[in-house]
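The values are calculated or read from the model by the stated rules, or taken from the named source; none is laboratory data. The shown structure was predicted, so the numbers you read here are calculated from the model rather than taken from an experiment. Cβ atoms come from the backbone with ideal geometry, glycine included; neighbour counts cover every protein chain shown.
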């Protein structure tokens, strides 16, 4: 069991002002696997004050030296990689091998990427008689989710530190242990006091202080659309910058000339990644009416190959994060059946042989109509909906008929055709024929999937302000 009884504020481990604690539950066993402090308003305010006091010196630190600090963090994270992976597997329920590759591998690469970008980024540029300077926005509140906990922390914290900002991190109270381990690394590498601060606790308490504080210059939030709206509402009182990465209901458009087996298999796999707890998951699979029967059969077979069980073993599908989330997903499955969708695989019952843990069967629905609840709302579980379309224009219309616009995929043997369709889909990231994730490309969404971008140089620029220095032209000789 990992027990952290102190918060990390101003370069030191300090007792929280409230004295409360929060248990961290293992998603597969339902047993307590750790404990953290329950931060209160005074803790958040102390962390903000520390970050504000540290900002002047850190922002003036040469960018290359900030990059060296990030490289040291990456090296320390790599040395403890398996420990982080085991911890996240327990917290989230993601299979251990996936935790190694994605939950830890991606954050490791992110810190390394921003170490390099800090040294290479052009912070000043001459335009006419002006010197355009990019300066750090200031104190950043990073509020992060539980589904890819360390990955989301790294995208915000590494970019903000590279830009010269100071940070107060509030991780999800459901999967926070990895954040405390990262704070240990921050301390070990000698990051100046106040540059990075960690306050755990609940969103309506700690999160709201961070969002409304006049001493916080920017909030970077990843989570539900509902919570994102609340963050925006509070942040508007002090006109601070807000970056939001929120929900999704991404569509996979399989065109009539696509390799159906390849496209369906990839769509199911991406839908079920991290037990469906992925904001960009392709939860809506759009197929031509003429190919529905074949697509449904393939999807059902693929879903049957996703074994449910111990994430530290050979299971391909671990549990969901909590009992609340499990019950929510099962309710959506029952809703799909009630509204007339065809249950092709899975269901709302507990998987066989899993008396404990927050498990949900890998589920596939066919004959789903665009107006059904399961086709419109983000389920955040291993539930795939198969919808049909009449022609290419109809497919685009259905894909765009959503309040969300985070991601999507297009499948076609004609790449030029796939690109043409992709340009019509209102989403921030579209994979063409299974194109792999690119950490240097911007990630973020349209509409109620949020605003702002993370990753690559685009993520760095989110934490920078523009300043124009207007210079007098030299006198003619």
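Residues are listed down the side, and each one gets a yes or a no for (1) part of a helix (DSSP H, G or I); (2) under 20 Å from the mean Cα position of the chain (by Cα); (3) surrounded by fewer than 22 Cβ atoms within 10 Å (Cβ to Cβ):
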position: 265; (1), (2), (3): yes, no, yes
position: 273; (1), (2), (3): yes, yes, yes
position: 281; (1), (2), (3): no, yes, no
position: 292; (1), (2), (3): yes, no, yes
position: 298; (1), (2), (3): yes, no, yes
position: 311; (1), (2), (3): no, no, no
position: 324; (1), (2), (3): yes, yes, yes
Check: Restricting the search to the range 11-28, which residues are touching a residue at least 40 places away in the same chain (Cβ under 8 Å) and surrounded by fewer than 15 Cβ atoms within 10 Å (Cβ to Cβ)?
Finding: 12
Check: Only one residue in 353, 347 is part of a loop (DSSP other than H, G, I, E, B), touching a strand residue (DSSP E or B) at 6+ places or on another chain (Cβ under 9 Å) and at pLDDT below 95. Which one?
Finding: 353
Check: Taking the range 375-395 as the region of interest, how many residues are surrounded by fewer than 22 Cβ atoms within 10 Å (Cβ to Cβ) and in a helix (DSSP H, G or I)?
Finding: 4
Checklist line | residue 148 vs. criteria in contact (Cβ under 8 Å) with a residue 24 or more places away in the chain, buried (at least 23 other Cβ atoms within 10 Å of the Cβ) and in the same structural domain as residue 209 (by TED's automatic domain parsing) | finding: yes
Note to self: Looking at 231, 174, 205, can you tell me which residue is modelled with pLDDT of 95 or more and either buried (at least 23 other Cβ atoms within 10 Å of the Cβ) or under 14 Å from the mean Cα position of the chain (by Cα) (or both)?
What the structure shows: 231
Note to self: What's the number of the only condition in (1) out of contact with any helix residue (DSSP H, G or I) (no Cβ under 9 Å at 6 or more places or on another chain); (2) without any contact (Cβ under 8 Å) to a residue 40 or more places away in the chain that residue 431 fails to meet?
What the structure shows: (1)
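Condition check ((1) outside any helix (DSSP H, G or I); (2) outside the structural domain of residue 461 (by TED's automatic domain parsing); (3) under 29 Å from residue 403 (Cβ atoms)) across all residues:
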| residue | (1), (2), (3) |
| --- | --- |
| 159 | no, no, yes |
| 179 | no, no, no |
| 182 | no, no, no |
| 205 | no, no, yes |
| 216 | yes, no, yes |
| 220 | yes, no, yes |
| 228 | no, no, yes |
| 234 | no, no, yes |
| 242 | yes, no, yes |
Check: Looking at 64, 79, which one is surrounded by fewer than 16 Cβ atoms within 10 Å (Cβ to Cβ) and in contact with a helix residue (DSSP H, G or I) (Cβ under 6 Å, 6 or more places away or on another chain)?
Finding: 64
Margin query: So residue 88 passes all but one of these: (1) within 26 Å of residue 50 (Cβ to Cβ); (2) touching a helix residue (DSSP H, G or I) at 6+ places or on another chain (Cβ under 8 Å). Which condition number does it fail?
Written below: (1)
Next item on the list: Spot the failing condition for residue 93; the list is (1) in contact with a strand residue (DSSP E or B) (Cβ under 8 Å, 6 or more places away or on another chain); (2) crowded, with 24+ Cβ neighbours inside 10 Å; (3) under 24 Å from residue 246 (Cα atoms), and only one is missed.
Entry: (1)
Check: Does at least one position in the range 206-215 carry a residue that is within 24 Å of residue 109 (Cβ to Cβ) and in contact with a strand residue (DSSP E or B) (Cβ under 8 Å, 6 or more places away or on another chain)?
Finding: no
Check: For the range 115-130, does any single residue satisfy the condition of being touching a helix residue (DSSP H, G or I) at 6+ places or on another chain (Cβ under 8 Å), assigned to a strand (DSSP E or B) and either outside the structural domain of residue 235 (by TED's automatic domain parsing) or modelled with pLDDT of 95 or more (or both)?
Finding: no
